[in-house]
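Peer 1: I have a structure I would like to understand better, so I am pasting it below and will then ask my questions one at a time.
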Amino acid sequence: MSKIYNPILRGFNPDPSIIRVGEDYYIATSTFEWFPGVQIHHSRDLKNWTLCCRPLNRLSQLNLIGNPDSCGVWAPCLSYDQGTFYLVYSNVRSFDGVWKDTPNYLVTTQEISGEWSDPVFLGSYGFDASLFHDEDGKKWYTSLIVDHRKGKLFGGIILQEYDSARQQLVGPVHHIFEGSELGITEGPHLYKRRGYYYLLTAEGGTEYGHAVSLARSKAITGPYELHPDNPILTAREHPAHPLQKAGHADLLHTADNQWYAVFLVGRPLRQRGRCPLGRETAIARMIWKEDDWLYLEGRDKLPPLDILALADPNTESPEAPRLFVHHTDFDEEELDLHFQSLRIPITEDWCTLKERPGFCRLYGQESLSSFHRQSLIARRLQHFHVDAATALTFLPNSFQQMAGLVCYYNTSHWYYLYMSGEKAEGQTSLQISCCDHFAYSEIFDPPIALNGATRLYLKVKIDREHLQFYYALQEGQWQPVGPVLDGSRLSDDYIQEGSDRYRPAFTGAFIGLCCQDLSGQRLYADFDWLEYVERNGP
């Protein structure tokens, strides 16, 4: 039997929520300020996963414009009951300060890759909300409650009934769990087995103290008793383990009565170091013991590097992961599903594949520091060793007009290799700009003259924390440009360690194509292709 290697969803796929519908498995993960909202991956064997949809693809479902970095869609909960898929999600509007604005919504569909409904507003008690479908037909909403008093923030877990007919929460709010000594109790999910309600939570914070806690009760409203060997899964006491930050889990019960947990992990470059791939999704086998408590299969609580895969005669599974290649020529009528935009829908008025067939045309909008309307499409960095390249045609006539290849974390942390205009008409130049904790800098003074060139090839080579840009005037004739840069700065850990106060940082590094026109003339740039190739590292 083959193995499943962790993580199963690589590169910025945190807060997994998993379901089984017949022979199909689906995992939903958080997307924060990236649009469309919520990634859903599909599998038949728990090993090979394919991105199948992003359900929040309309402004009526998800308006992220103006949301701060690492706000937006937090911790979606995917569930299924009586032929209907349910998706609960937060659209966090603010988190930088005493009060947190955390509205939560519910959308539904009968076809997971089809159109999802407009949202039903549920409430703003807190974030990490979920929906539990009980055996008696009742539906229960649970979430963390935000307590702003005396800087507390995490006020325990609440429960309230959801009325499907009235499409609203009804009845009393029950405070069912105050958490364990690990603190920072969030990410609640409810399950029922053999007369017990089980409450799974994330505790210890979504960093190196992260853990999965379990409690149970005979009544859904509590009181809940804590697992005798809590937490049930964590790497908090093992800093050398390759999979760190293990927590925020969800449980899966298969048709053959097997139990699994999916949960987020991080893979640091150094022990307890930075994780530029962001928080990823891993899987582990779980077992029920005679005491009716759930345990991680194995001798310890550590997230496993691999597990045995399901036997599926219809799936050909390689024994080890293959090197990943993603090449898009922009020849299709719709943009490749791997791409997302920042905060706004990808619409014809700023991103079109039709005006110049075979090219992606981006009309320049706002700067890389904007929380509103950027012309940027990007895909996740999912591997430690990557080459990514593009071909660009651009005719700028001003230094305010820029287009190129960006390595992006958020509005205050990025590296940008771009073509721009100069004072002399028809002259173009090449520059690398950087942003680090809101401090903007340019690598060259003056920029590299391109002598009027309008077609340019741009590439970035990433080897763990080392990031090197290249350019070429003729295809394949690559020249390194600028110094080797520190790619580990594009990580949650760097943003948090370098700030004088806490700032949300929960995403991961992206490689993208973008165009800015700060003059407001909306000059466009044409991108011929984008290639992303995983390499074997040293």
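The values are calculated or read from the model by the stated rules, or taken from the named source; none is laboratory data. Being a predicted model, the structure only gives us computed values, none of them experimental. For neighbour counting, all protein chains shown are included, and Cβ atoms are generated from backbone atoms with ideal geometry for every residue, glycine included. SASA here: full protein model, heavy atoms, side chains in, ligands and nucleic acids out. Shrake-Rupley method; radii C 1.70, N 1.55, O 1.52, S 1.80 Å.
Peer 1: Which percent of Cα pairs goes in each bin when the distances of the chain are cut into 20 angstrom slices starting at zero?
Peer 2: 22, 54, 21, 2
Peer 1: From the backbone phi of the stretch 231-247, what are the Karplus-calculated ³J(HN,Hα) couplings (6.51 cos²θ - 1.76 cosθ + 1.60, θ = phi - 60°) in whole Hz, Gly and Pro given as x?
Peer 2: Whole-Hz 3J(HN,Hα) from phi for the stretch 231-247: x, 8, 7, 5, 10, 4, 9, 10, x, 8, 5, x, 9, 10, 6, 5, x.
Peer 1: How would you classify the stretch 78-196 from its alpha-carbon gyration tensor, with a ≥ b ≥ c the square roots of the eigenvalues: rounded for a/c under 1.5, else prolate if a/b is greater than b/c, otherwise oblate?
Peer 2: Oblate is the answer for the stretch 78-196, as a/c is 1.5 or above yet b/c matches or exceeds a/b.
Peer 1: Find, to one decimal place in angstroms, the Kirkwood hydrodynamic radius of the stretch 321-415, where the mean of 1/r is taken over every pair of different Cα atoms and then inverted.
Peer 2: Hydrodynamic radius (Kirkwood, Cα pairs) of the stretch 321-415 is 14.9 Å.
Peer 1: Determine Rg/Rh for the stretch 135-293; Rg is computed over alpha-carbon atoms and Rh is the Kirkwood hydrodynamic estimate from the same atoms.
Peer 2: 0.99
Peer 1: Moving on. Just read off the accessible area of residue 253 with the full protein assembly in place, 1.4 Å probe, to the nearest 10 Å².
Peer 2: We get 80 Å² for residue 253.
Peer 1: Can you pull a Stokes-Einstein diffusion coefficient for the stretch 40-81 at 37 °C (0.692 mPa s), Rh from Kirkwood over Cα pairs, as a whole number of µm²/s?
Peer 2: Using the Kirkwood radius from Cα pairs, D works out to 256 µm²/s.
Peer 1: If you average 1/r over every pair of different alpha-carbon atoms in the stretch 420-467 and take one over that average, what Kirkwood value in Å do you get?
Peer 2: 12.7
Peer 1: Would you mind pulling out the separation of the Cα centroids of the stretch 172-215 and the stretch 455-530, in Å?
Peer 2: Using only Cα atoms to place each centre, the spacing works out to 38 Å.
Peer 1: What 222 nm value per residue comes from the helices of the chain, counting each DSSP H run with n ≥ 4 as -39,500 (n - 2.57) and dividing by all residues, nearest 500 deg cm²/dmol?
Peer 2: -500 deg cm²/dmol
Peer 1: Given the C-alpha atoms of the stretch 58-136, compute the convex hull and give its volume per residue in Å³.
Peer 2: Value for the stretch 58-136: 97 Å³ per residue.
Peer 1: Next question, about the same structure. So which aspartates and glutamates can residue 289 reach, going by Cα to Cα under 20 Å and dropping same-chain residues fewer than 8 places off?
Peer 2: 225, 229, 250, 256, 297, 300
Peer 1: Could you give the dipole magnitude of the chain about its Cα centre, charging the beta-carbon of Lys and Arg +1 and that of Asp and Glu -1, in debye to the nearest 20?
Peer 2: Dipole size: approximately 780 debye.
Peer 1: Step through the residues of the stretch 88-94 one at a time and calculate ³J(HN,Hα) from phi using the Karplus curve (6.51 cos²θ - 1.76 cosθ + 1.60, θ = phi - 60°), rounding each to whole Hz and writing x for Gly and Pro.
Peer 2: 9, 8, 9, 10, 5, 8, 7
Peer 1: Give me the percent relative contact order of the chain, please, defined on Cα pairs under 8 angstrom at least 6 residues apart.
Peer 2: 14
Peer 1: Also, I was wondering about something else. What is the spread of the Cα atoms of the stretch 261-315 along each of their three principal axes, largest first, in whole Å?
Peer 2: 39, 36, 15
Peer 1: Now, a different point. Can you sort 366, 33, 534 by solvent-accessible area, 1.4 Å probe, largest first?
Peer 2: Per-residue accessible area, sorted high to low, gives 366, 534, 33.
Peer 1: Does the stretch 167-233 come out rounded, prolate or oblate by the C-alpha gyration tensor, with a ≥ b ≥ c the root eigenvalues, rounded set by a/c under 1.5 and, if not, prolate when a/b is larger than b/c and oblate if not?
Peer 2: Oblate is the answer for the stretch 167-233, as a/c is 1.5 or above yet b/c matches or exceeds a/b.
Peer 1: Non-local amide H neighbours of residue 246 (under 5 Å, H modeled in plane, Pro and chain starts lacking H): which ones?
Peer 2: Answer set, sorted by chain and number: 235, 266.
Peer 1: Any of 47/301; 47/218; 152/192; 47/461 with alpha carbons more than 26 Å apart? Name them for me.
Peer 2: Distance filter (> 26 Å) returns 47/218; 152/192; 47/461.
Peer 1: Report, largest value first, the span of the C-alpha coordinates of the stretch 400-514 along each principal axis, in whole Å.
Peer 2: Here the Cα extents, ordered largest to smallest, are 45, 29, 21 Å.
Peer 1: Could you report the accessible area of residue 270 in Å², rounded to 10, computed with a 1.4 Å probe on the protein chains as they sit in the structure?
Peer 2: 130
Peer 1: Which of the three applies to the stretch 220-319, rounded, prolate or oblate, going by the alpha-carbon gyration tensor with a ≥ b ≥ c and a/c under 1.5 meaning rounded?
Peer 2: Oblate shape, in that a/c is at least 1.5 and b/c is the bigger or equal ratio.
Peer 1: D for the stretch 210-257, whole µm²/s, Stokes-Einstein with Kirkwood Rh over alpha-carbon pairs at 20 °C and 1.002 mPa s: what number?
Peer 2: 168
Peer 1: Now for a separate question. Once phi is turned into θ = phi - 60°, what whole-Hz ³J(HN,Hα) does the Karplus curve with 6.51, -1.76 and 1.60 give for every residue of the stretch 408-418, x standing for Gly and Pro?
Peer 2: 10, 10, 8, 5, 10, 8, 6, 10, 9, 9, 9
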